[in-house]
Amino acid sequence: MDLTIDKNNFKIENYSKKSIEELKKDQKSLESEIDNLFDSLNELIKNSKRSLLSKDTQQDKEFLIKISDKLENKINDFFVATYEQEVIDELGQNRLDVESSLRENTGVKNLSEYFSHFRYTSKGNQLFDTISKEEIEKRLQESNDLKKALDVSSIIAITDKIGTVVYVNKLFEEVSEYGQVELVGQHLSLIKSEFHPAEFFTYLWKVISNGFVWKGDIKNKKKNGNFYWLKTTIVPLLGKDDQPEQYFVISTDITKQKELEIKLSEALAEIRKTDELKNEFASMITHELKTPLTPIRGYCEILKDETFGELNKDQKDFVNTIEQNATRLERLIGDVLDVQKLDMGKMTYNKKNLDVNEFLKNVEKDISPLLKEKEIQFSLPGDVKINIVTDKFRLHEIFENLIRNSIDFVSLRGKISVDVQNNKNMLVFSVHDNGVGIPKEKQSNIFKKFFQGDTSQTRKHGGTGLGLVVCKGLIEGLGGKIWFDSQEGSGTTFYFSIPK
Amino acid sequence: MKLLIVDDNKDITTMLSKYLSMKGFDCTISNDGREGMNLMAKGLYDRVILDMSMPDFGGMDIINELEKSNKLKDNKIIIFTASSISDDEVSDLLKKDGIISLLRKPVQLNELLSAISS
């Protein structure tokens, strides 16, 4: 059976701003409206040949429960949503009258419970809809347990809305070294360390006074003047008007972590400083090493030029040896500097359009004195009609290193050939030689610093042991890869890709 | 052709002046940055070979001072340096009116010769 309650018989307004007298008046009219409602209900029930007061049959019970639910909701809306707690207290006896008359007339059994729920919360309507008295007690118990757990695990203070301490727990006393008596009634700023700027607290207050939770690390001062760090959460406890009335300050002591953090950042700063020194040292050493090489190389050139007199064969050989060693030193300095730049990620690339054909011819021209010395048969690919965008000087450095490497490891009149393959997005260059090859067991190490296939070869072959390291770094820096194929005794081919 | 060589390293200035004199240039040497700058300010030289790293008053100081007094453009400077200068710094230097080229030590003398002649 459906039951419809006419809204006109049950006017509900917002009473929150009305005076108690008005509310009393309103309650009277509500009571009479409820009476009217029951009359209508009884009328309805009579019409359907049922008696509201006969509660014998199961059907009647169900019907009454249905009515009581609907009534409860309405009354709930009326009282809870509009009356302040003090207004309810003011109503006193009247409220009980309403309660008993409703119970008498409807058999609503949990009406008294409803009123006790009402006392628990100013937002009783929400609770009333879903929570029973037992549930509330259970929740209160849980909340007490939580409070106890929090009390033993965290440093807690409660302040009023201007920050005056109203409660501190034992842990708070321990960490601050102030007793409860010294703290309660004082402003919490008593423990301020003056470490944080004024804006820090201005912002904190802005957050919490607007009802938001604030989280952060605060450095405080103990009674004895020592400092300590707290990781703190401040929870505003909102009053009826949704404005913070109290602040719940929950903290954990992180002094040790903070001390470690500070030590760590000091250590990091020290490392950075060392890095800077290393950089300065590298650039200083480069300058200091290159400067004396300038007159050495210069005088070799002047002597070979024979403007100051002709040299005999022995003298020429001596000058050549001096010059070759000066050149080797110069290369070593250059390689060390490059490796350092690559390690630091400070290598810069200046990419421009490059004609591969012209570029390879220039490489051959620059390296030809070395090729001639060993009478090497050198070959370039036929006309390559490709342009790529890359760093010309770095690519030149890569080729020079790889070809020098090959020259070092081929015998007199050996063969070196450069080739290029045009793949999708990449050009794959190769430098092939028919030299001694790299022993299999050494192949995995060749891109490591100061490594040569055979350490005894270092002297014999005058390499720096850094050439391939530099090549790998530069190729990867340009966006490509390097790999190789080598047969001991028959030769090595280095391949590398460069994006077009 | 009149050349001014400004470098604090005497071995380098002697070597360069011996070589370049033999090649027919009229060389003046300065082993001090301030003295070198005063000579450059007179604008008497066809080319200046200028070292960057010198004690107290280096090549960069000279360039900055001459730029302030608007005398940099009266020179044709070949920077001759052992310092590691980045590509960006090189291109910034070469943009300046009065600096014609930059060579890194140790350079081959014939390269220096062609830089002077160009």
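The values are calculated or read from the model by the stated rules, or taken from the named source; none is laboratory data. Since the model is a prediction, treat every value here as computed from it, not as a measurement. Counting neighbours? That spans all protein chains shown, and the Cβs are built from the backbone with ideal geometry, glycine included. Quick note on the areas: whole protein, heavy atoms, side chains included, nothing else; ligands and nucleic acids left out. Shrake-Rupley method; radii C 1.70, N 1.55, O 1.52, S 1.80 Å.
Overview of values
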{"read-out": "Residue match in segment A:316-328 (condition: touching a residue at least 24 places away in the same chain (Cβ under 8 Å) and either facing chain B (nearest Cβ under 8 Å) or farther than 27 Å from B:Thr13 by Cβ (or both))", "value": "yes"}
{"read-out": "Condition broken by A:Lys258, with the remaining ones in (1) in a helix (DSSP H, G or I); (2) open to solvent by less than 50 Å² (accessible area, probe 1.4 Å); (3) without any contact (Cβ under 8 Å) to a residue 60 or more places away in the chain; (4) within 13 Å of chain B (Cβ to nearest Cβ) satisfied", "value": "(4)"}
{"read-out": "Check on A:Ile191, open to solvent by 30 Å² or more (accessible area, probe 1.4 Å) and either among the hydrophobic types (A, V, I, L, M, F, W, C) or at pLDDT 90 or above (or both)", "value": "no"}
{"read-out": "Evaluation of B:Cys27 against (1) surrounded by fewer than 16 Cβ atoms within 10 Å (Cβ to Cβ); (2) more than 13 Å from every other protein chain (Cβ to nearest Cβ); (3) not charged (D, E, K, R) (one fails), failing number", "value": "(1)"}
{"read-out": "Filtered residue count, segment A:369-381, keeping only those that are open to solvent by 30 Å² or more (accessible area, probe 1.4 Å) and assigned to a helix (DSSP H, G or I)", "value": "4"}
{"read-out": "Among the residues listed as A:Val181, A:Val213, A:Val175, A:Val152, the single one being among the aliphatic types (A, V, I, L, M) and within 22 Å of A:Gln243 (Cα to Cα)", "value": "A:Val213"}
{"read-out": "Contacts under 7 angstrom Cβ, first residue in segment A:194-215 being closer than 13 Å to A:Phe248 by Cα, partner among the aromatic types (Phe, Trp, Tyr) and surrounded by 15 or more Cβ atoms within 10 Å (Cβ to Cβ), 6 or more apart", "value": "A:Ile208/A:Trp214; A:Ile208/A:Tyr247"}
{"read-out": "B:Asp46 touching a strand residue (DSSP E or B) at 6+ places or on another chain (Cβ under 6 Å) and over 26 Å from A:Met347 (Cβ atoms)", "value": "yes"}
{"read-out": "One residue from A:Val384, A:Val389 being open to solvent by less than 60 Å² (accessible area, probe 1.4 Å), within 51 Å of the chain's Cα centre (by Cα) and among the hydrophobic types (A, V, I, L, M, F, W, C)", "value": "A:Val384"}
{"read-out": "Close pairs (9 angstrom Cβ cut-off, 6 or more residues apart or separate chains): closer than 29 Å to A:Val175 by Cα in segment A:137-152, at pLDDT 85 or above and of a type in the set (D, E, K, R) anywhere", "value": "A:Asp151/A:Lys170; A:Val152/A:Lys170"}
{"read-out": "Tally of residues being part of a strand (DSSP E or B) and either within 14 Å of another protein chain (Cβ to nearest Cβ) or in contact with a Gly (Cβ under 9 Å, 6 or more places away or on another chain) (or both) across segment B:1-10", "value": "3"}
{"read-out": "Answer from A:Gly489, A:Gly382, A:Gly453 - the residue that is under 23 Å from A:Leu370 (Cα atoms), of a type in the set (Gly, Ala, Ser), in contact with a helix residue (DSSP H, G or I) (Cβ under 6 Å, 6 or more places away or on another chain) and at pLDDT below 90", "value": "A:Gly453"}
{"read-out": "Complete set of residues in segment B:58-70 that are more than 14 Å from every other protein chain (Cβ to nearest Cβ) and within 24 Å of B:Leu20 (Cβ to Cβ)", "value": "B:Ile62, B:Ile63, B:Leu66"}
{"read-out": "Any strands (runs of 3 or more DSSP E) falling wholly within segment B:11-118 and containing at least 3 residues that are within 22 Å of A:Ile285 (Cα to Cα) and without any contact (Cβ under 8 Å) to a residue 40 or more places away in the chain", "value": "B:99-104"}
{"read-out": "Answer from B:Asp88, B:Asp46, B:Asp51 - the residue that is at negative phi, within 13 Å of the chain's Cα centre (by Cα) and loosely packed, with under 14 Cβ neighbours inside 10 Å", "value": "B:Asp46"}
{"read-out": "Condition met for A:Ile234 (over 25 Å from A:Glu177 (Cα atoms), among the hydrophobic types (A, V, I, L, M, F, W, C) and surrounded by 16 or more Cβ atoms within 10 Å (Cβ to Cβ))", "value": "no"}
{"read-out": "Failed criterion for B:Gly36 (all others in (1) small (Gly, Ala, Ser); (2) over 12 Å from the mean Cα position of the chain (by Cα); (3) closer than 20 Å to B:Lys73 by Cα hold)", "value": "(2)"}
{"read-out": "Residue that is modelled with the highest pLDDT, among those in segment A:237-247 that are open to solvent by 70 Å² or more (accessible area, probe 1.4 Å) and in contact with a helix residue (DSSP H, G or I) (Cβ under 9 Å, 6 or more places away or on another chain)", "value": "A:Gln243"}
{"read-out": "Residue within segment B:92-103 that is within 24 Å of A:Glu288 (Cα to Cα), touching a His at 6+ places or on another chain (Cβ under 6 Å) and within 13 Å of another protein chain (Cβ to nearest Cβ) present", "value": "no"}
{"read-out": "Qualifying residue in segment A:353-362 (condition: open to solvent by 30 Å² or more (accessible area, probe 1.4 Å), in contact with a Cys (Cβ under 6 Å, 6 or more places away or on another chain) and in a helix (DSSP H, G or I))", "value": "no"}
{"read-out": "Conditions (1) open to solvent by less than 20 Å² (accessible area, probe 1.4 Å); (2) at pLDDT 85 or above; number of the one not met by A:Asn405", "value": "(1)"}
{"read-out": "Flag for A:Ile271 being hydrophobic (A, V, I, L, M, F, W, C) and within 30 Å of A:Leu188 (Cβ to Cβ)", "value": "no"}
{"read-out": "Neighbours by Cβ (under 6 Å, 6+ apart or cross-chain): first from segment A:287-308, more than 8 Å from chain B (Cβ to nearest Cβ); second assigned to a helix (DSSP H, G or I) and open to solvent by 70 Å² or more (accessible area, probe 1.4 Å)", "value": "A:Cys300/A:Ile322"}
{"read-out": "Only one of A:Leu183, A:Leu150, A:Leu171, A:Leu204 that is touching a Gly at 6+ places or on another chain (Cβ under 8 Å), open to solvent by less than 60 Å² (accessible area, probe 1.4 Å) and on the phi < 0 side of the Ramachandran plot", "value": "A:Leu204"}
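Yes or no, residue by residue, for (1) at pLDDT 85 or above; (2) loosely packed, with under 14 Cβ neighbours inside 10 Å; (3) more than 22 Å from B:Phe80 (Cβ to Cβ):
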| residue | (1), (2), (3) |
| --- | --- |
| A:Asn279 | no, no, yes |
| A:Cys300 | yes, no, no |
| A:Asn312 | yes, yes, yes |
| A:Thr321 | yes, yes, yes |
| A:Asp338 | yes, no, no |
